[in-house]
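Report on the following structure.
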Amino acid sequence: MTEAASDVAVRGARRWLTPLLWGGLLLGACLGMQHLEGLFRLVETDSRSVIYARADFLTLLGRHLLVVGVAALAAVVIGVGAAVAVTRRAGRDFLPLVAQLASIGQTFPPVAVLALAVPVLGFGTLPIIVALLLYGLLPIVRNTLAGLQGIDPGVREAARGMGMTSGQLLRQVELPLAAPVILAGIRTSVTINIATAAIGATVGASNLGDPIISGIVNGNTAYVLQGALLIGLLALTVDSVFARLQPAASTG
Amino acid sequence: MSVGGIKAIVSRDASRPNVVLVSLLLATLAGWLGLDAVSVAPNRIVPGQGHAAWDVAGLPGLAISLLPMLAVLWLAWRPSRERLRLALALVVVMLAALPAWLALAAARLVDADLPQARMGVGAGAWVALFLLLLAMIELRTRLSLSRPLGWSLLLAPLVSLVAWLTFGLEPLALRQEFQGRSAGFIAAIGEHLLLVGAAVGISLVLGVCLALTMRRWERVRTLGFAVLNFLQTIPSLALFGLLLAPLAWLSAHVGWLAALGVSGIGWAPALLALVGYSLLPMVRNTYVALDEVDPGVIDAARGMGMSRAQVFRQVRLPLALPVILEGVRITTVQAIGLTAVAALIGAGGLGTFIFQGLGQAAMDLVLLGALPILVMALVADALLGALTDLLRPGGAT
């Protein structure tokens, strides 16, 4: 019994090995960047400073995560909510428009959306969150719709036959069955948003994009490398977390 | 999976109001009445002063502008087919009239003695434009008009926009930004298209070769998809940054590369990164397309005495073509957006205007960069989508 439990725990730990590894690398890189000064000196020989010092890397990472996290959370709530609403009887009228909007909207380049958000909302962190939220909605809405519409009608009928109410049907049958597709949509949304948030450094949000932008402006390759390294590690960490979650959702 | 994926368009009786259209029109009305239609500034530096819709043409003018909206509302209340057709016509007329309304605002509100004076499009007009376009999509779906017909409906508003931009909208800030750099604008569009075209072309050739290799060797497939998935995860700005150092080193140490114009910034890292991002959708679609051709069809072709090469060229490839083209479509749309980011590392293109504009807090310059990118992405998506439909077996060929 205990052996079996520990076996499960070990297997669980192994499943999370990749995310832990990337996450550890990310944290290590944030904390230990100063110790790599010699290495960056090789790349950038003529600059006085080779370690980005305007802000702490951990702070930048925290702000990046905050912006992407808040936007993603809101996008999941609104996106899944909207997709569920338009597949119910009361909201069915809106289904064609919402489906078309989600599909056309994904043709819009994220940079263009970010750039168009600034004239309307102004500079700073909040406009970026709003832009990321709006853009991040599209893959989530689209995948939730695909997931809900892909459910075999027979399954629904069977659940109704068992006497389930609409709420029970949604919570216990429809959402769990659609979960893998919804999760794939959230993964796409978050991946795009991590990249777009970095570009947000040009419109006044201070995050991991900052060292890159300031490095490009001042011609300091070392800054660019530090920012690029950290954003790359962040993207890989988050993506590996989703990669672990996905099969778990499909089997469970 | 695209627009055709909406399975259940509910058949509805005409006695019930079209709720979607009613809500869209009510929102349009609210935006039109409550938000600034235009903003006027004496020069580029001073922030503009907002003007509501009734400032433009007084209360009578406002009343006239409200008439078509109310008419569509009334038509949507009992949506028979004829009434919806009429509503669609009214929406198209409103879209076509929007530039004329802006020209009227420019004539009445902008001081003709100030050559520097400029007019910006206000939130009210943008909201109206956006919601009316949504109303058009909704009506197109309800009337189940074909895609080409839907696109051709945009022709009248576009002609009107171009005509008014040429003859009556001199003070429009967007137009003034364009006039200041018309040569640069054309050049930027050229650079943008060239980078996108080169990236898509290279990745198409590489992608097909890679997909063919993957079909032959299992090992290559696993490794190839792992590497390409990894690349796709890295954010664009980071990839551009990571390419900067090695390319700078190469151009400093390899003479002929430097002579070609390769350096840490500019087109070289941009093109490399673009090809890297484009490969995944291209390879995935090509691989899946070639793999999913019905084995029965291949058997039949072999049975007819076709050689291996003939089977590939005359059966497998034509059948796979629509899915491969789908890959080209995804890649092209993605590359158009990524090229905008490449402006940050000096690759030129329309992104230059976006980042210049953001730097100078000149929002109309940002629009001058962002709007054409948006249009380009939509047009590329529509054209390649239409081409895919055409090549699909049983399509219009």
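The values are calculated or read from the model by the stated rules, or taken from the named source; none is laboratory data. Predicted model, so just to flag it, every value in this text is computed and none were measured. Don't worry about glycine lacking a Cβ; one is built from the backbone with ideal geometry, like all the others, and counts go over all protein chains shown. What goes into the accessible areas is simple: the full protein's heavy atoms, side chains included, and nothing from ligands, DNA or RNA. Shrake-Rupley method; radii C 1.70, N 1.55, O 1.52, S 1.80 Å.
Computed quantities for the displayed model
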| item | result |
| --- | --- |
| Farthest positive-ward along the range B:3-173 dipole, Cα basis, beta-carbon charges - from B:Thr166, B:Pro148, B:Pro99 | B:Pro148 |
| Choice from A:Glu44, A:Glu174, A:Glu157 showing the highest fluctuation, given a GNM over chain A with Cα pairs closer than 10 Å | A:Glu157 |
| Environment charge of B:Leu153, counting only residues whose C-beta is closer than 15 Å and scoring Lys/Arg +1, Asp/Glu -1 | +3 |
| Only Lys, Arg (+1) and Asp, Glu (-1) charged, at Cβ; the protein assembly as shown dipole about Cα centre in debye | 1460 debye |
| For A:His64, solvent-accessible area (1.4 Å; no DNA, RNA or ligand), Å² | 0 Å² |
| Between helix A:17-32 and chain A: long-axis angle, C-alpha atoms, 0 to 90°, nearest 10 | 30 degrees |
| Heavy-atom accessible area order for B:Trp126, B:Trp77, largest first, 1.4 Å probe | B:Trp77, B:Trp126 |
| Overall dimensions of the range B:182-391 as given by Cα atoms, namely Rg and Dmax in Å | 19.9, 68 |
| Highest-fluctuation residue, A:Ala90, A:Ala115, A:Ala29 considered, GNM on chain A with Cα pairs under 10 Å | A:Ala90 |
| Accessible area expressed per residue, the range B:182-391, with surrounding protein chains retained (probe 1.4 Å, Å²) | 44 Å² |
| Within the accessible area of the protein assembly as shown (1.4 Å probe), percent carbon and sulfur | 68 percent |
| Shape metrics for the protein assembly as shown, restricted to C-alpha atoms - Rg then Dmax, Å | 26.8, 90 |
| With DNA, RNA and ligands ignored, accessible area of A:Asp56 (1.4 Å probe; Å², nearest 10) | 80 Å² |
| Simple spin-label estimate for B:Ala89 and B:Ala309 in nanometres, 7 Å along Cα-Cβ | 6.0 nm |
| Euclidean distance of C-alpha centroids, the range A:21-68 and the range A:191-252, integer Å | 13 Å |
| B:Asp294 versus B:Leu66: modelled label distance in nm, points set 7 Å from Cα along the beta carbon direction | 6.1 nm |
| The range B:175-289, relative contact order in percent, only Cα pairs under 8 angstrom and at least six apart counted | 37 percent |
| Most fluctuating residue given options A:Gly24, A:Gly167, A:Gly136, as computed from a GNM of chain A linking Cα atoms under 10 Å | A:Gly167 |
| Interface residues, the range B:326-353 - accessible area loss of 40 Å² or more versus chain alone, probe 1.4 Å | B:Leu344 |
| Residue-level accessible surface for A:Ile78, protein heavy atoms, 1.4 Å, Å² | 80 Å² |
| A:Leu169-B:Ser23 FRET efficiency (beta carbon distance; Förster radius 30 Å; 0.05 resolution) | 0.65 |
| Exposure rank, largest accessible area first [B:Trp249, B:Trp267; 1.4 Å] | B:Trp249, B:Trp267 |
| Long-range amide H partners of B:Leu172 with built H, under 5 Å | B:Met119 |
| Where B meets A: accessible area buried, both sides, 1.4 Å probe, Å² | 4200 Å² |
| Per residue solvent-accessible surface (Å²) - the range A:58-251, probe of 1.4 Å | 37 Å² |
| DSSP H segments from chain B that extend 27 Å or more along their own axis, Cα-based, with Kyte-Doolittle mean of -0.5 or above | B:53-77, B:81-109, B:123-142, B:182-216, B:267-291, B:317-342, B:363-391 |
| Solvent exposure, largest accessible area first (probe 1.4 Å, DNA, RNA and ligands not counted), of B:Asp389, A:Asp210 | B:Asp389, A:Asp210 |
| Cβ charges +1 (Lys, Arg) and -1 (Asp, Glu), total dipole of chain A, debye | 520 debye |
| Extension gain from B:Arg81 to B:Leu260, taking 0.36 nm per residue of separation minus the Cα-Cα distance | 58.3 nm |
| Dipole in debye (nearest 20) - the range B:182-391, about Cα centre, beta carbon charges: Lys, Arg +1; Asp, Glu -1 | 660 debye |
| Relative contact order for the range B:3-173, counting Cα pairs under 8 Å that sit 6 or more residues apart, in percent | 33 percent |
